[in-house]
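The values are calculated or read from the model by the stated rules, or taken from the named source; none is laboratory data. Predicted model only: the values in this text are computed from it and were never measured. With ideal geometry, Cβ positions are generated from the backbone for all residues, glycine too; neighbour counts draw on all protein chains shown. Heads up: the accessible areas ignore ligands, DNA and RNA and are worked out on the full protein's heavy atoms, side chains in. Shrake-Rupley method; radii C 1.70, N 1.55, O 1.52, S 1.80 Å.
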Amino acid sequence: MHPCLKAALAGTAAFSAALAAADAAVLVTNKAGFLSTTGATSATGPIPIVAGGLTSYTVGSTTFSAENPSTLNFTQDWTNRIAGNQFAVNGDEDINADFGGDVFSFGFDFVEPENDPLVNAPFVDSTFEISLCDGGSCFDSVQFNAPNDAAAFIGVISSLAFDSVIIRELVGGVENEFFGEFYTSTEPVSDVPLPAAAPLFLAGLTGAGFAFRRKRGN
């Protein structure tokens, strides 16, 4: 186990110090803990239903774009696993999200269907990489593999500010995954009071998988 992660699990106060000292990004899968710890709010609001086949679309303060030849599909409510509408991707789930300004945390609701409707192609258990970028330069990344046929939450907390993320499907194909609301926070985690949220947050760290990586140089 990474020494910074050990420090995080040792106590609430140690987590903030370890994250800042490591210049690291941490993946969190517990939505309640993430929202309480970071103070994140919805950056998109409810996902709308609009025309399909879009290369780029702005929802709230977040602009989504699909990596060619994929396109964004906002044409329906894709799954009842999470509340509200979601968007899908025509093609590999390779998308970018630009937040229009610096944030320290972001997360989103997510569903990977295996036996649910609207899978669209033979199922492949997908693995994704999220790269954090600021001013066009990406400096850190985490990976996730969500449970299938279940509501999931994918959140990332960084000690460094970022204004956009690149989400790439490392393993998978054109079978569908569904993206719900996106959440962001402009507050560094060290400035957020942690005691009430700490048990939930730490449960997310030790739950359904995480990735912890040191900052990469530009």
Item checked: Per-residue SASA entry for PHE123, accessible area with 1.4 Å probe, Å² rounded to 10 -> 60 Å²
Next item on the list: Express in Å², to the nearest 10, the accessible area of ASP98 obtained by rolling a 1.4 Å probe over the protein heavy atoms while all chains stay in place.
Entry: 80 Å²
Check: What is the range 71-181's relative contact order, in percent, from Cα pairs under 8 angstrom and six or more apart in sequence?
Finding: 41 percent
Checklist line | Solvent exposure ordering (accessible area, 1.4 Å, most first) of GLU169, GLU67, GLU93 | finding: GLU67, GLU169, GLU93
Next item on the list: Within the set of other residues whose C-beta is less than 13 Å from the C-beta of PRO48, count the net charge using Lys and Arg as +1 and Asp and Glu as -1.
Entry: -2
Next item on the list: For the range 80-124, give the magnitude of the charge dipole about the Cα centre (Cβ charges: +1 Lys/Arg, -1 Asp/Glu; no others), in debye to the nearest 20.
Entry: 180 debye
Check: Cβ under 9 Å from ASN145's Cβ, ASN145 left aside: what net charge do those residues give with Lys, Arg +1 and Asp, Glu -1?
Finding: -2
Note to self: Report the rotationally averaged projected area of the range 14-146 based on its alpha-carbon convex hull, in square nanometres.
What the structure shows: 9.0 nm²
